[in-house]
Amino acid sequence: MDTLSTADSDGAIETRGIEPVPDSERHGRVRELFPTWVAANISVLLLTMGAALVVFNQLNFWQVLIVAACAAVASFGMVGLLSVSGKWGGAPGAMLSRATFGVRGNLFPGSILWVARFGWETINAVTGAYAVLTVLDLLFGIKSNTVLIVVTLFLFVASTFLVSGMGRKALNVCNKWSTYLFGVFSIMVLGYLVANVHWSEVFAKPAGTTAMMIAGIGTIAAGGISWVPTGPDFARYLPHKASGKKIVGVTVSGAGIVVVPMVLMGGVMAVSTPDLAKAQDPVSFLGDILPTWLAVPYLLTAIVGMLLINSLSMYSAGFTAQTMGVKLPRAMAVSINAVISLVGGLLLMLVATSFLGSFITFLVLLAVSFSAWIGVYTVDMLRRRSRKVRYDAEGLMDTTPTSRYWYSGGFCWQAMTAWSIALIAGICFTKCDWFTGPFASTPVGEYGLGWAATIVISAAIMALLPTPQENTPAPAATEAEPATAEAATELETATV
């Protein structure tokens with residue numbers, strides 16, 4: 001059985017690992033999630049993605065607005081809904097997933113989620129490094145070179161590691177202030193664009209096809225989908241009485257207040273600067289579009305934002321590593337991600353020929369790989385609500401055959417079957433730069449709905465298969481578990 005930590009997580013440096021949080025430490029408030037999800041989306045990559053909607057998908061202003069809004073609601077709606085399980089069990093998503101897939105079965109989806117997290121952290125690290133290089137160029141005229149790229153990327157990844165190791169309370173403080181600063185400078189950038197963009201050209205652009213709009217929703221939503229399995233990580237300190245409906249609302253509003261205007265601004269910028277969507281460097285264009293006095297502070301704020309995005313990601317990745325059996329404290333487990341981000345970032349900055357092409361391909365594969373988990377996990381949550389079955393803290397921590405979630409040989413065959421079939425089907429519907437699936441020419445593939453099909457397939461199979469039977473639970477209940485009656489109604493109140 002895994003060792004339970006008794007360290008109080010209220011300090012500046014969080015030492016608690018994957019073990020469920022007891023009621024005595026559940027001091028979080030739902031409103032604290034707002035700056036968390038704002039900070040999770042402070043990335044200039046959203047500008048590039050908005051530009052891609054105009055340049056590649058051929059969408060107009062109003063279509064970009066609709067795509068951004070739909071993507072934010074759909075993806076972060078799922079993040080908020082599944083975050084409710086975090087306050088039910090008081091544990092990270094990767095840990096609660098043991099109850100769904102089995103103690104051993106959880107290693108398979110967990111490993112894919114962990115690898116996908118490496119890619120996301122690498123993309124953000126590269127973007128942050130490019131932002132630093134752009135600021136150095138604008139302020140001091142220092143041009144990028146191989147040595148400077150290596151040093152800049154190393155410093156960015158190291159800073160990310162240090163912040164993520166401080167834990168939840170430190171991240172909450174950083175998120176709060178970065179939200180204020182980013183909001184101020186974003187309003188200034190928006191005001192500059194309103195005053196200087198040729199709006200006649202923006203609104204004169206013809207509308208694109210419905211297919212390209214739907215495909216665009218999937219591309220933008222992929223970023224939010226990647227946060228779904230880690231949503232419970234940030235809700236596990238909430239008391240049981242916290243409103244599920246508020247969790248969903250705060251999550252969607254926190255993300256949407258950044259995603260929608262950022263994507264829209266990128267689309268507007270692309271009308272006058274179409275090369276924005278094709279640039280190898282996804283950041284330096286801001287120095288051409290904005291005056292230096294505005295570009296520099298905006299980029300500095302964005303650098304902090306991207307550092308926090310990676311810190312949040314590494315924070316959750318540490319839990320995933322521990323859940324998979326890495327016998328290290330969470331802060332040490334995070335170091336594995338930091339090293340991989342550094343190596344992957346160097347390859348992307350020094351070897352890859354197309355940043356945007358690699359990024360879009362990664363997003364497509366990311367959405368599919370996470371969607372198979374989402375469908376299965378959602379059905380398991382709904383069953384726990386209807387059957388009034390709660391998460392068992394001892395069972396989650398127990399990795400032996402005595403665990404409540406051992407099922408058959410450590411595997412929940414229903415969950416594993418649904419997840420495996422859906423993952424394979426989703427890949428078959430996928431089309432990207434690296435490969436084309438056999439079903440990519442179908443309407444599902446053409447409309448970029450492979451991720452949605454994956455969720456539906458995994459959920460449908462899981463729902464149709466016999467309900468998994470958990471092993472006999474330990475006689476002693478734990479304080480990290482919600483009351484049975486309360487657990488039965490929380491997800492119901494979270495439905496918006």
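The values are calculated or read from the model by the stated rules, or taken from the named source; none is laboratory data. The shown structure was predicted, so the numbers you read here are calculated from the model rather than taken from an experiment. All Cβ positions, even for glycine, are placed from backbone atoms using ideal geometry, and neighbour counts span all protein chains on display. In case anyone asks, the SASA skips ligands and DNA or RNA and just uses the protein heavy atoms, side chains included. Shrake-Rupley method; radii C 1.70, N 1.55, O 1.52, S 1.80 Å.
Quick notes on this one:
- In the structure shown, the pairs LYS205/LYS245; LYS176/LYS205; LYS143/LYS431; LYS87/LYS176; LYS245/LYS431 are assessed against 31 Å; a Cα-Cα span above that value is assigned to LYS205/LYS245; LYS176/LYS205; LYS143/LYS431; LYS245/LYS431.
- In terms of the mean number of neighbouring beta-carbon atoms within 10 Å, the peptides 185-195, 250-260, 391-401 order highest first as 250-260, 391-401, 185-195.
- Taking all protein chains into account, the per residue accessible area for the range 205-272 stands at 27 Å² (1.4 Å probe).
- Alpha-carbon centroids, the range 18-62 and the range 408-451: separation in whole Å: 25
- Among CYS174, CYS412, CYS432, the sequence by solvent-accessible area, most first, with a 1.4 Å probe is CYS174, CYS432, CYS412.
- For the pair THR400 and ASP137, the difference between a 0.36 nm per residue extended length and the Cα-Cα distance amounts to 89.1 nm.
- Backbone amide hydrogens, once placed in the peptide plane, bring SER408 within less than 5 Å of TRP413, excluding anything fewer than 5 places away on its chain.
- Under the shape rule built on the C-alpha gyration tensor, where the axes satisfy a ≥ b ≥ c, the range 24-108 is prolate, since a/c reaches at least 1.5 and a/b is greater than b/c.
- Overall, the accessible surface of the range 53-193 at a probe of 1.4 angstrom is composed of carbon and sulfur to the extent of 79 percent.
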